[in-house]
1. I'm checking my understanding of the structure. Among residues of the range 138-149 that are open to solvent by 10 Å² or more (accessible area, probe 1.4 Å) and of a type outside the set (Ser, Thr, Tyr), which one is modelled with the highest pLDDT?
2. Which of the residues belonging to the range 1-26 are hydrophobic (A, V, I, L, M, F, W, C), modelled with pLDDT of 80 or more and either in contact with a Leu (Cβ under 7 Å, 6 or more places away or on another chain) or surrounded by fewer than 16 Cβ atoms within 10 Å (Cβ to Cβ) (or both)?
3. Any idea which of 54, 59 is within 23 Å of residue 152 (Cα to Cα), in a helix (DSSP H, G or I) and either at pLDDT 85 or above or aliphatic (A, V, I, L, M) (or both)?
4. Given the criteria at pLDDT 85 or above, under 17 Å from the mean Cα position of the chain (by Cα) and surrounded by 17 or more Cβ atoms within 10 Å (Cβ to Cβ), does residue 196 qualify?
5. Quickly run through the range 206-228 and pick out the residues that are over 30 Å from residue 139 (Cα atoms) and outside any strand (DSSP E or B).
6. Looking only at residues that are open to solvent by 50 Å² or more (accessible area, probe 1.4 Å) and either in contact with a Lys or Arg (Cβ under 9 Å, 6 or more places away or on another chain) or without any contact (Cβ under 8 Å) to a residue 12 or more places away in the chain (or both) in the range 228-262, which one is farthest from residue 201 (Cα to Cα)?
Amino acid sequence: MSAETDRRWLTLALALLVAFMLVEAVAAVMAGSLALLSDAAHMLTDAVSIILALVALRLSSRPPKGGYTYGLKRVEILSAQANGLTLLLLACWLAHEAVHRLFSPPDVEGGVVVWTALAGIVVNVACAWCISRANRSSLNVEGAYQHILNDLFAFIGTAVAGVIVVTTGFVRADPLATLLVVALMVKAGWGLVRDATRVFLQAAPDHLDPDAIRRRMAQLPGVEGVRNLHVWLITSGEPTLSAHVVVRGDCHAVSRDLRRILAKEFALSHVTLQTEHPNGRLPASPAAALEA
């Protein structure tokens with residue numbers, strides 16, 4: 001999908017979120033509901049996450065220039081990591097408030113909670129659908145999507161808590177629902193921070209095994225050995241490989257065959273190969289070091 005398509009869907013989701021967030025904040029104050037207030041705070045982080053995603057999309061689309069030989073593609077990963085951190089920080093604050101309310105539960109207007117939560121479910125389903133239409137293979141877009149999805153789960157929990165308060169008067173259902181939301185936020189936030197950190201540390205993508213790639217390259221006729229193999233992500237969906245390959249015979253043909261195998265079997269199209277002869281010398285022609 002094009003970046004313009006992503007921006008259109010993300011902008012629509014942002015407009016829906018901001019409009020409902022303002023309504024929910026007023027309802028939370030009127031009802032005295034921490035669950036609703038936590039949902040409103042979560043929606044604020046949702047809005048921030050989408051704004052970050054939009055800014056990252058614009059910056060990452062700029063072509064390479066000057067010292068930024070890859071462009072600003074990793075701004076998307078910065079955005080994803082920021083989304084994960086905001087989820088974790090907000091989870092800590094909500095957990096503290098929920099535990100406090102378990103011991104000193106305030107009065108909660110269950111009816112207001114139920115109707116606001118049901119409206120929130122509708123809005124978040126619409127927002128989740130919008131963002132699911134964007135390119136979720138991007139860790140940046142996935143970060144915004146996880147925010148929305150967790151908010152949807154939060155509204156479902158809040159609606160259930162509101163029904164319990166209305167039917168039984170058990171007001172502690174409100175902070176208990178908040179703790180459930182906290183658990184979901186920690187799971188999603190930790191996943192985003194972990195994946196973004198792997199990109200920054202230039203770890204191999206989860207779906208690519210460097211040892212398996214090395215073995216497959218070594219199976220090609222004419223390849224004597226593979227050294228200094230590195231596999232990493234420039235940004236989401238852009239895996240990159242570089243390696244020194246010891247070649248016996250026609251280094252040009254071997255390099256072409258290796259690039260074809262890497263593209264076909266491992267979806268690696270950004271590849272840099274440096275060929276060497278068994279005696280340690282480089283090929284006579286510099287054209288033997290092929291880049292794709």
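1. Across the range 138-149, the extreme among qualifying residues is 149.
2. We begin by selecting, within the range 1-26, every residue hydrophobic (A, V, I, L, M, F, W, C); these are 1, 3, 9-10, 12-23, 25-26.
Next, only the ones that are modelled with pLDDT of 80 or more stay: 9-10, 12-23, 25-26.
Correct list: 10, 15, 18, 19, 21, 22, 23, 26.
3. Testing whether each residue is within 23 Å of residue 152 (Cα to Cα), in a helix (DSSP H, G or I) and either at pLDDT 85 or above or aliphatic (A, V, I, L, M) (or both) leaves just 54.
4. Working: at pLDDT 85 or above: yes; under 17 Å from the mean Cα position of the chain (by Cα): yes; surrounded by 17 or more Cβ atoms within 10 Å (Cβ to Cβ): yes.
In short, yes.
5. 218, 219, 220, 221, 222
6. Of everything passing the filter in the range 228-262, 260 is farthest from residue 201 (Cα to Cα).
The values are calculated or read from the model by the stated rules, or taken from the named source; none is laboratory data. Given the structure is predicted, the values throughout are model-derived calculations rather than measurements. For neighbour counting, all protein chains shown are included, and Cβ atoms are generated from backbone atoms with ideal geometry for every residue, glycine included. Quick note on the areas: whole protein, heavy atoms, side chains included, nothing else; ligands and nucleic acids left out. Shrake-Rupley method; radii C 1.70, N 1.55, O 1.52, S 1.80 Å.
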